[in-house]
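Enquirer: Please find one structure pasted underneath; my questions will follow.
The values are calculated or read from the model by the stated rules, or taken from the named source; none is laboratory data. This structure is a prediction, so every number in the text was calculated from the model and none was measured. Neighbour counts are summed over all protein chains in view; Cβ atoms, including those assigned to glycine, are modelled from backbone coordinates with ideal geometry.
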Amino acid sequence: MQPSVNVVSLVSVGRHPQSDRSRRADQDARAVELGLKLAGKNLTLVHAGDPENPVLRQYAGMGLDAFTVLRQKSYSDVLPIIGNFLTENNAHVVLMGIRAESGESSGMLPYLLAEKLGWPLLSRVADILHVENGKADVLLALPRGQRRAVTVSLPFIATVDNAAKDARQSAYGPGIRASITVLDAEQTADNMAASWAISPAKPRAKRMKVVKAKNAADRFKAATAKPVGGGGNVLKQGTPAEKAQAIFDLLLEEKVIR
């Protein structure tokens with residue numbers, strides 16, 4: 001990648017689904033991991049919110065010496081301040097998770113940001129292979145482990161999928177020693193969000209499948225049919241040992257062998 005390419009990763013404060021404790025958001029951490037692959041320590045890490053939140057140190061502990069916080073109060077609209085920051089700092093590649101784990105969690109910020117800046121948006125990115133001459137080669141995550149290769153012009157916004165590389169472990173010491181640059185900007189209140197009552201999301205009840213069978217054999221077949229899973233991997237490359245290991249792991253997961 002060319003050294004003149006400015007890579008920015010936008011991060012938020014996540015929330016653990018079981019303990020409900022604050023943590024680094026999983027998808028945002030994957031976006032930081034991808035940003036470190038592209039830019040190394042030159043990655044610009046940005047958060048809009050409270051600079052005193054200790055969770056931000058977990059992102060810096062992934063290998064960054066500094067990060068930037070755009071100071072915002074609760075129930076403030078972060079869209080204007082983030083859009084202005086990216087424009088003023090001449091960002092070329094903006095990485096973030098698909099949606100936040102706390103707050104509104106609507107997943108609309110990337111789309112609103114792309115509309116505001118007039119930049120292309122790539123959703124569910126698994127990897128960015130190459131950035132050169134004002135263009136980037138990107139792999140998009142598709143169902144059942146498949147990938148789609150696309151080419152996009154800079155600048156652009158990318159939301160990182162769970163199929164991207166896992167984030168590295170955060171080191172406590174480097175995270176504490178990282179310096180924070182706090183930028184104050186005009187606050188834009190989100191009056192509508194301030195009136196909302198926020199509660200933890202719960203999984204919806206699954207709708208029962210209506211079986212239209214004419215005889216007992218069809219009803220028995222429908223009742224015992226195994227649902228098709230949404231996961232899987234397509235292994236087109238790799239050594240025979242890696243492919244054999246993937247098959248072995250699948251047999252263990254399906255409890256065919258013990």
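Enquirer: Among the residues of region 73-83, is any surrounded by fewer than 18 Cβ atoms within 10 Å (Cβ to Cβ), in a helix (DSSP H, G or I) and among the aromatic types (Phe, Trp, Tyr)?
Expert: no
Enquirer: Have a look at 61, 40 and point out the one that is without any contact (Cβ under 8 Å) to a residue 40 or more places away in the chain, under 22 Å from residue 180 (Cα atoms) and surrounded by fewer than 22 Cβ atoms within 10 Å (Cβ to Cβ).
Expert: 40
Enquirer: Pairs needed: first member in region 76-87, more than 15 Å from residue 45 (Cα to Cα); second member anywhere, in a helix (DSSP H, G or I) and not acidic (Asp, Glu); C-beta distance under 6 Å; at least 6 residues apart or different chains.
Expert: 79/112
Enquirer: Sticking with this structure for a sec: At positive phi and of a type in the set (D, E, K, R), is that true of residue 177?
Expert: Considered against the rule, which asks whether it is at positive phi and of a type in the set (D, E, K, R), residue 177 comes out as no.
Enquirer: From (1) touching a Ser or Thr at 6+ places or on another chain (Cβ under 9 Å); (2) on the phi > 0 side of the Ramachandran plot; (3) surrounded by fewer than 17 Cβ atoms within 10 Å (Cβ to Cβ), pick out the condition that doesn't hold for residue 54.
Expert: (2)
Enquirer: Based on this model, can you work out whether residue 57 counts as touching a His at 6+ places or on another chain (Cβ under 9 Å) and farther than 14 Å from residue 93 by Cβ?
Expert: No; evaluated as a whole, the condition is false for this residue.
Enquirer: Kindly list, by first and then second residue, each pair from a residue in region 131-159 that is in contact (Cβ under 8 Å) with a residue 24 or more places away in the chain and over 16 Å from residue 6 (Cα atoms) to a residue that is of a type in the set (S, T, N, Q) and part of a strand (DSSP E or B), limited to pairs with Cβ atoms under 6 Å and residues at least 6 apart or on different chains.
Expert: What qualifies is 159/123.
Enquirer: Take residue 9 and tell me if it is among the hydroxyl-bearing types (Ser, Thr, Tyr), farther than 27 Å from residue 126 by Cβ and surrounded by 20 or more Cβ atoms within 10 Å (Cβ to Cβ).
Expert: It is false that residue 9 is among the hydroxyl-bearing types (Ser, Thr, Tyr), farther than 27 Å from residue 126 by Cβ and surrounded by 20 or more Cβ atoms within 10 Å (Cβ to Cβ).
Enquirer: Also, I was wondering about something else. Of the residues 178, 246, which is modelled with pLDDT of 75 or more, over 30 Å from residue 78 (Cβ atoms), surrounded by 11 or more Cβ atoms within 10 Å (Cβ to Cβ) and within 26 Å of the chain's Cα centre (by Cα)?
Expert: 246
Enquirer: Restricting the search to region 55-68, which residues are under 17 Å from residue 170 (Cβ atoms) and either part of a strand (DSSP E or B) or under 21 Å from the mean Cα position of the chain (by Cα) (or both)?
Expert: Result: 55, 56, 57, 58, 59, 60, 61, 62, 63, 64, 66, 67.
Enquirer: A further question on this structure: Could you list, in sequence order, all residues of region 133-149 that are surrounded by 13 or more Cβ atoms within 10 Å (Cβ to Cβ), in a strand (DSSP E or B) and of a type in the set (A, V, I, L, M)?
Expert: The answer is 136, 138, 139, 140, 141.
Enquirer: Go through (1) more than 19 Å from the chain's Cα centre (by Cα); (2) at pLDDT 90 or above; (3) farther than 26 Å from residue 82 by Cβ and name the single condition residue 169 misses.
Expert: The one condition residue 169 does not meet is (1).
Enquirer: Specify which of the listed residues (102, 170, 195, 199) is of a type in the set (S, T, N, Q), surrounded by fewer than 18 Cβ atoms within 10 Å (Cβ to Cβ) and touching a residue at least 12 places away in the same chain (Cβ under 8 Å).
Expert: Being of a type in the set (S, T, N, Q), surrounded by fewer than 18 Cβ atoms within 10 Å (Cβ to Cβ) and touching a residue at least 12 places away in the same chain (Cβ under 8 Å) holds for just one of 102, 170, 195, 199, which is 102.
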